[in-house]
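*Asks:* Structure provided below as C-alpha cells; questions to follow.
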Amino acid sequence: MALHFLAEAAFDDLLVAWRHHDDLKRTPKVAVTRLAASRSALEDARSRMRRLREALYPTSDEHEDVLVTALCSVLDEVVHLNWRHVHPHRPGVAVCICGEHIAIHR
Ligand SMILES: [Zn+2]
C-alpha cells in the first residue's frame, strides 16, 4: 500500500527535521536557543506525522479512540479522527487533516 502523498510529505519533513536536529546535536558549541528551536521543529514534525498517520492508518487499538470517521471530500480519503484532532476551542468539532471542520456527533 502506497502512503498518501500528505503522509509521504509529512514523513519527509520529519526525516529532514530529525537529521537537522541530529547534526546540530553533534556540532560543537551550538547555541542552546538553536538546539531548542530545532527540537521544537522536530516535535512539530513528529506531531504532524502522528496526526496524519492516526487519521489515515489507525492501528486496531487506535480505532477504539476514534471520535468521527468521515470521507474527506478534499483528500477523497476516509479519515479517522480522535481527540488529537479535536478543535482546540470547539470541543464538538474535529479538524480534519486537510484543515476542514467536521462535527462530532456522539
Ligand atoms: Zn479533510
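The values are calculated or read from the model by the stated rules, or taken from the named source; none is laboratory data. None of these values were measured; they are calculated from a predicted model. As a convention, Cβ positions derive from the backbone with ideal geometry for all residues, glycine included, and neighbour counts pool all protein chains shown. The protein model used for the area step is the full one, side chains on, heavy atoms only, and it has no ligands, DNA or RNA in it. Shrake-Rupley method; radii C 1.70, N 1.55, O 1.52, S 1.80 Å.
*Asks:* Pop the C-beta distance of LEU35 and ASP65 into the FRET formula with R0 = 35 Å and round what comes out to the nearest 0.05.
*Replies:* After rounding, the FRET efficiency stands at 0.60.
*Asks:* State in Å² the accessible area per residue of the chain; use a 1.4 Å probe, count heavy atoms of protein chains only, and round to the nearest integer. All intermediate terms of the calculation are to be shown ahead of the outcome.
*Replies:* Working: 7110 Å² over 106 residues.
That works out to 67 Å² per residue.
*Asks:* Quick one: angle between helix 32-56 and the longest Cα principal axis of the chain, in degrees between 0 and 90, rounded to 10, please.
*Replies:* The two axes meet at around 30 degrees.
*Asks:* In degrees, nearest 10, range 0 to 90: what is the angle between the Cα axis of helix 5-26 and the longest Cα principal axis of the chain?
*Replies:* Helix 5-26 sits at roughly 20 degrees to that axis.
*Asks:* According to a simple spin-label model (label point 7 Å from Cα along Cα-to-Cβ), what is the distance in nm between VAL93 and TRP18?
*Replies:* According to this spin-label approximation, the distance is 3.4 nm.
*Asks:* Computing the accessible area with a 1.4 Å probe over protein heavy atoms, can you report the carbon and sulfur percentage for the chain?
*Replies:* The nonpolar share, carbon plus sulfur, comes to 55 percent.
*Asks:* On a full-extension model of 0.36 nm per residue, what is the gain between VAL74 and PHE11, subtracting their alpha-carbon distance, rounded to one decimal in nm?
*Replies:* Between VAL74 and PHE11, full extension yields an extra 20.7 nm.
*Asks:* Further question on the same structure: How charged is the neighbourhood of ALA37? Take every other residue with its Cβ under 12 Å from the Cβ of ALA37, and add Lys/Arg as +1 and Asp/Glu as -1.
*Replies:* With Lys, Arg at +1 and Asp, Glu at -1, the neighbours total 0.
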